[in-house]
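In what follows, a single structure is set out as structure tokens and then discussed.
Since every read-out is calculated from the coordinates, none of them should be taken as a lab result. The structure displayed is predicted, hence computed values, not measured ones. Quick reminder, even Gly has a Cβ in these numbers, built from the backbone with ideal geometry, and neighbours come from all protein chains shown.
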């Protein structure tokens, strides 16, 4: 069984204080055709959410701070893959 593949860019550009209801759609495929679901990695920045139905990542008010991270995992119940883009303010 192969893990799902996330094919998004490695950089997200955001502005402090702005909200992004449709920041990015997470593009994922599973080489085995298995159904998959998403979850946010522990430590993901406050205000980030992911809609499993639409695959849309949102960020409600980007905080001012260092080391802001977003970690999105895609799992097919057997194996997971992680997408952790660099955040550019």
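At a glance:
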| quantity | calculated |
| --- | --- |
| Elements of type strands (runs of 3 or more DSSP E) in the chain, at least 2 residues being in contact with a strand residue (DSSP E or B) (Cβ under 7 Å, 6 or more places away or on another chain) and surrounded by 13 or more Cβ atoms within 10 Å (Cβ to Cβ) | 20-25, 37-40, 48-51, 56-59, 72-75, 80-83 |
| Considering residues of region 25-50 that are touching a residue at least 40 places away in the same chain (Cβ under 8 Å) and under 13 Å from the mean Cα position of the chain (by Cα) only, the residue farthest from residue 85 (Cα to Cα) | 28 |
| Filter pass, residue 53 being more than 18 Å from residue 7 (Cβ to Cβ) and touching a residue at least 12 places away in the same chain (Cβ under 8 Å) | no |
